[in-house]
Amino acid sequence: MRFFPILLTFMLLTGFFGRGQKTLRVEPPNWWIGMYHSEIELLVYGKGIGNYSTTLDPYEGVHLKEIKLVPNQNYQFVTLTIADRAAPGELTLHFKKSGSQPISYKYPILKRNPERRQLKGFDTSDAIYLITPDRFVNGNPKNDNIEGLKEKADRSFKGGRHGGDIEGMLQSLDYIKDLGFTAIWMNPILENDMPEYSYHGYSTTDFYKADPRYGDNSAFKNLCEEARKKGMKVIMDMIANHCGLEHWWMKDLPTEDWINQWPAYTETNHKKTVILDPYAAKIDRKQFFDGWFVPTMPDLNQRNSSMAKYLIQNTLWWIEYTGISGIRMDTYPYPDMHFMSDWTKAVMTEYPNFNIVGEEWVTRPTIVSYWQAGKKNANGYTSYLKSLMDFPLQNALVTSLNKEKTWASSWTDLYETLGQDYLYPDPSNLVVFPDNHDMSRIYTQLNEDFDKFKMALVYTATVRGIPQIYYGTEVLMKNPGTTDHGIIRSDFPGGWEGDATNAFTGKGLSDRQKEAQLFVKRLMNWRKKTPVVHHGKLMHFAPKNQDEIYVVFRYDDQNKIMIVFSKNEKEVSLDLAPYKEILGAEFSGRDILSGKTYQTSNTLPVKPNSVMVIEL
């Protein structure tokens, strides 16, 4: 696709003015009294509205501070300040133009929920269940197809809409809780009115509207409230880097620099090192930050002050409206990095106990750690981001599990990657995971080796950080022979009426799938009630080449957990002498996975290809 400025001009002239729009679009749709972020810039959109003068009826505590006009006369940006003394109600904005009918617009300012300021984000006590909404559970078949939206449901097409929705997630809260999970992260639920492949949610076409095929805004808010009643948290997936090509403003941009434009279509180069590279060329930096992801995802220009305010306000609006407990920010390093610092700081200032995890998909801790709050960077960059997805550890986990022993233990990659935690200001606030929605299922990555699968799950549940498991992992969902995302994100068995296999009831599941489901349930529920795994210290011992065993401890003043991973093909009698510095003089404990107890001994029998979690 080629995207020239001249094309935008053509769209301005032909794509909008034939519509005969008579009403105003105002975003955000409301605000609250008592917010730290008490100054807001309203995006006001309507045919020729830039030619109108704007006034605000007197309202105690509210002031019209500024009117900003842009080259496109269909926009105004109106700045309001809202003092704490203001009362809830409706502001009245008047738009007047000589010779035209005046327009009045009622703008709500609401009383703030006093609990919002203290929203508690996800933390190390949580375990996150990741869901792709369209592929999880179809709770309301009536919203599978919505008149006016481009893509219709086609469950037979791997890349199509299948019908999963918010109601389906709501109906499944007890199942997820029973598995031992305390938080849900769902892939984006905002409107994606793209003509095809819209189910994944990452091409937003309306930043203030849930996709009707999932449900409306109130349904999403209700999901958050019902989850909270069950002691569960909801993490919202957001995107500040790009929108969908079918976003409503793409047909009538307020300014030419609203998005990052190039003489010809230019993709990002994905060169993460340019951020700190002292030798990087300016054009390479520009292409990384300003290049588009794909032709259908326009790259937003956060250096435009109104775009920056729009994105910050949108985030605060969703937190305040729904009471979510966290955000997962997609493609965190790709927007303007100084904007991302401002965005994260704004959220954390408004909600001090909140948490945000950023996606920085690179397998080098030197790069991932750059973005975490508290990091002293060589270029002076200051971040306010608490958490990141731990892609380096995920990569090392799979590498070590699949690697054959050479002159060094196959566990070395995992051991040495974890040993680089000194690079992070707070490694305990990283999100750890065996897989996610953008990569092959962990069971497939491990060549459907069930013993290694169990090791991967135990490591994820017991290492420092916040564990995240993808939906269906508990029943060994897989994608053999393909990396097609439509297959990776297959429908959850039992999520549709008439499914031959049902993970909720056990119908049609193989014995191995049932075993996996029970294993995940036992492991995650044990983790939920084991604080030493949430907050305890970690010690690991260098894996010895001859025995292919890796031992990790979690401990505090009162408790010790010994996790033993073995990739041996035969049983090993593990000499406990090297671990005396943490074991002390005596060894006894119980393996929470098998239930077997161990009495005082100098050795520990370790079965082949196994993992033990021993409470000492």
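The values are calculated or read from the model by the stated rules, or taken from the named source; none is laboratory data. This structure is a prediction, so every number in the text was calculated from the model and none was measured. Note: ideal-geometry Cβ built from the backbone for every residue, glycine included; neighbour counts use all protein chains shown. Heads up: the accessible areas ignore ligands, DNA and RNA and are worked out on the full protein's heavy atoms, side chains in. Shrake-Rupley method; radii C 1.70, N 1.55, O 1.52, S 1.80 Å.
Numbers for the structure displayed
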read-out: Neighbour net charge for Ser198 - beta-carbon separation under 12 angstrom, K R +1, D E -1; value: -4
read-out: Karplus 3J(HN,Hα) series, Hz, for segment 393-403 with 6.51 cos²θ - 1.76 cosθ + 1.60 (x for Gly, Pro); value: 6, 4, 5, 5, 4, 5, 4, 5, 5, 8, 6
read-out: From phi via Karplus (6.51, -1.76, 1.60), per-residue ³J(HN,Hα) for segment 441-455 in Hz, x at Gly/Pro; value: 4, 4, 5, 6, 4, 9, 6, 6, 8, 5, 5, 5, 4, 5, 4
read-out: Cβ-placed point charges (K, R +1; D, E -1), dipole of segment 126-249 about Cα centre in debye, nearest 20; value: 300
read-out: Angle in degrees between helix 305-322 and the longest Cα principal axis of the chain, rounded to the nearest 10; value: 60
read-out: Relative contact order %, the chain, counting alpha carbon pairs below 8 Å whose residues are six or more apart; value: 12
read-out: Residues in segment 323-365 that a label on Asn379 would reach, taking backbone N under 13 Å of a point 7 Å out along Cα→Cβ; value: 333-341
read-out: Under Karplus coefficients 6.51, -1.76 and 1.60, residue-wise ³J(HN,Hα) of segment 270-284 in Hz, glycine/proline x; value: 6, 8, 5, 6, 5, 4, 10, 4, x, 10, 5, 6, 4, 5, 6
read-out: Those aspartates and glutamates that a straight Cα-Cα span of less than 18 Å connects to Lys96, excepting residues fewer than 8 apart in one chain; value: Asp57, Glu66
read-out: Angstrom value of the Kirkwood radius, inverse mean 1/r, which spans all Cα pairs in segment 446-587; value: 17.6
read-out: Relative contact order of segment 50-177, pairs being alpha-carbon contacts under 8 Å that are 6 or more residues apart, as %; value: 17
read-out: Signed unit charges on C-beta, dipole axis of the chain, positive-most listed residue Ala86, Pro212, Gly358; value: Ala86
read-out: Dipole magnitude (debye, nearest 20) for the chain, charges at Cβ of Lys, Arg, Asp, Glu; value: 600
read-out: Stokes-Einstein D for the chain, Kirkwood Rh over Cα pairs, 10 °C, 1.306 mPa s (µm²/s); value: 61
read-out: Assigned charges on the beta-carbon of Lys, Arg, Asp, Glu; segment 209-328 dipole about Cα centre (debye); value: 460
read-out: Cα centroid separation - segment 72-147 against segment 204-230, whole Å; value: 12
read-out: Computed over segment 87-238: relative contact order in percent, which uses C-alpha pairs under 8 Å that are six or more apart; value: 22
read-out: Accessible surface, 1.4 Å probe, highest first, among residues Met186, Met337; value: Met337, Met186
read-out: Inter-probe distance in nm under a simple model that places probes 7 Å from Cα toward Cβ, at Lys106 and Glu586; value: 7.5
read-out: Anchor Lys142: lysines whose Cα lies under 26 Å away (excluding residues fewer than 8 positions away in-chain); value: Lys150, Lys152, Lys158, Lys209, Lys221, Lys507
read-out: Between helix 337-350 and the chain: long-axis angle, C-alpha atoms, 0 to 90°, nearest 10; value: 90
read-out: Kirkwood hydrodynamic radius (C-alpha pairs) into Stokes-Einstein, segment 133-220, 20 °C and 1.002 mPa s, D in µm²/s; value: 163
read-out: Where labels lie 7 Å past Cα in the beta-carbon direction, separation of Asn525 and Asp438 in nm; value: 3.4
read-out: 5 angstrom amide H check on Ser387, placed H, neighbours 5+ away; value: Ile356, Gly358
read-out: Options Trp407, Ser428, Thr444, ranked by Cα towards positive dipole end of segment 365-444, top entry (Cβ charges); value: Ser428
read-out: Average accessible area per residue (Å²) across the chain - probe 1.4 Å, nucleic acids and ligands excluded; value: 40
read-out: Label point 7 Å beyond Cα of Asn113 along Cβ direction - residues of segment 350-375 with amide nitrogen under 15 Å; value: 351, 354
read-out: Accessible-area value, Tyr202, 1.4 Å probe, nucleic acids and ligands omitted, Å²; value: 20
read-out: Ala408-Lys514 FRET efficiency (beta carbon distance; Förster radius 30 Å; 0.05 resolution); value: 0.20
read-out: Label-point gap, in nm, between Phe450 and Ala264 - each point 7 angstrom along Cα→Cβ; value: 5.5
read-out: Net length gained if the chain between Thr600 and Thr92 were fully extended (0.36 nm per residue, minus Cα distance); value: 175.1 nm
read-out: Positive-end residue, the chain charge dipole about Cα centroid, Cβ charges, pick of Thr417, Asn113, Phe77; value: Asn113
read-out: Amide H contacts under 5 Å for Lys233, placed H, 5+ residues apart; value: Ala183, Ile184
read-out: Lys65 long-range amide H proximity, modeled H, under 5 Å; value: Thr79, Leu80, Thr81
read-out: For segment 323-399: span of alpha carbons on each principal axis (Å, largest first); value: 40, 32, 20
read-out: Kirkwood Rh, angstrom, segment 85-141 [1 / mean 1/r, Cα pairs]; value: 17.3
read-out: Restraint check, Lys454/Lys478; Lys528/Lys570; Lys47/Lys309; Lys454/Lys570; Lys106/Lys309; Lys177/Lys537, Cα-Cα greater than 24 Å; value: Lys528/Lys570; Lys177/Lys537
